[in-house]
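Working notes for the structure below.
The values are calculated or read from the model by the stated rules, or taken from the named source; none is laboratory data. Keep in mind that what you see is a predicted model, and the values were worked out from it rather than measured. Cβ: placed from backbone, ideal geometry, glycine included. Neighbour counts: every protein chain shown. In case anyone asks, the SASA skips ligands and DNA or RNA and just uses the protein heavy atoms, side chains included. Shrake-Rupley method; radii C 1.70, N 1.55, O 1.52, S 1.80 Å.
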Amino acid sequence: QVQLVESGGGLVQPGGSLRLSCAASGINFRMHIMGWYRQAPGKQRELVALITSAGDTTYVDSVKGRFAISGDNAKNTVYLQMNSLKPEDTAVYYCNVQLPPDVYWGQGTQVTVSS
């Protein structure tokens, strides 16, 4: 059974940093495309970053240069390092894995950027 468990969210001031973790079980994340998405109140869920089995990464324009997605093989965990956070980064952040035809999501972790 595939499970994704996110952690690391919280309240941070503008300009601060957070690192989100997504612990995967039931899969070897290195064999799949893993993603981080976010959903702000009243908005649609949007892609933030992806990492492929080859280690290639993709970012939405609004986070390029500030966020970095990476993985730890030993811990079967995907991370999202978020720097220079802005109030508009406030959202619930979700981890995602694509196992066609299925897609699995974690429960989400809240990130709030506010002074």
Exercise. Could you list, in sequence order, the residues of the stretch 1-38 that are touching a Gly at 6+ places or on another chain (Cβ under 8 Å) and part of a strand (DSSP E or B)?
Worked result: GLN3, LEU4, VAL5, GLU6, LEU18, ARG19, LEU20, SER21, CYS22, MET34
Seminar exercise, completed: Reported set for the stretch 53-104 where residues are in a strand (DSSP E or B), in contact (Cβ under 8 Å) with a residue 12 or more places away in the chain and either in contact with a Pro (Cβ under 6 Å, 6 or more places away or on another chain) or among the polar types (S, T, N, Q) (or both) is THR57, SER70, THR77, GLN81, ASN96, GLN98
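Determine if the stretch 89-104 includes at least one residue that is open to solvent by less than 40 Å² (accessible area, probe 1.4 Å), within 13 Å of ILE33 (Cα to Cα) and polar (S, T, N, Q).
So far as the stretch 89-104 goes, yes, one or more of its residues are open to solvent by less than 40 Å² (accessible area, probe 1.4 Å), within 13 Å of ILE33 (Cα to Cα) and polar (S, T, N, Q).
What number of residues within the stretch 25-63 are of a type in the set (Gly, Ala, Ser), under 12 Å from ALA91 (Cβ atoms) and in contact with a strand residue (DSSP E or B) (Cβ under 9 Å, 6 or more places away or on another chain)?
Pass one, the stretch 25-63, residues of a type in the set (Gly, Ala, Ser): 25-26, 35, 40, 42, 49, 53-55, 62.
Going one step further and asking which of them are under 12 Å from ALA91 (Cβ atoms), we end up with 40, 42, 62.
Filter once more, so that each one left must be in contact with a strand residue (DSSP E or B) (Cβ under 9 Å, 6 or more places away or on another chain): 40, 62.
Qualifying residue count for the region: 2.
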Exercise. Of all residues in the stretch 105-115, which are of a type outside the set (Gly, Ala, Ser) and either open to solvent by 80 Å² or more (accessible area, probe 1.4 Å) or outside any strand (DSSP E or B) (or both)?
Worked result: TRP105, GLN107, GLN110
For this session: Please verify whether the stretch 18-38 includes one or more residues that are closer than 14 Å to SER7 by Cα, within 12 Å of the chain's Cα centre (by Cα) and open to solvent by 60 Å² or more (accessible area, probe 1.4 Å).
Result: yes
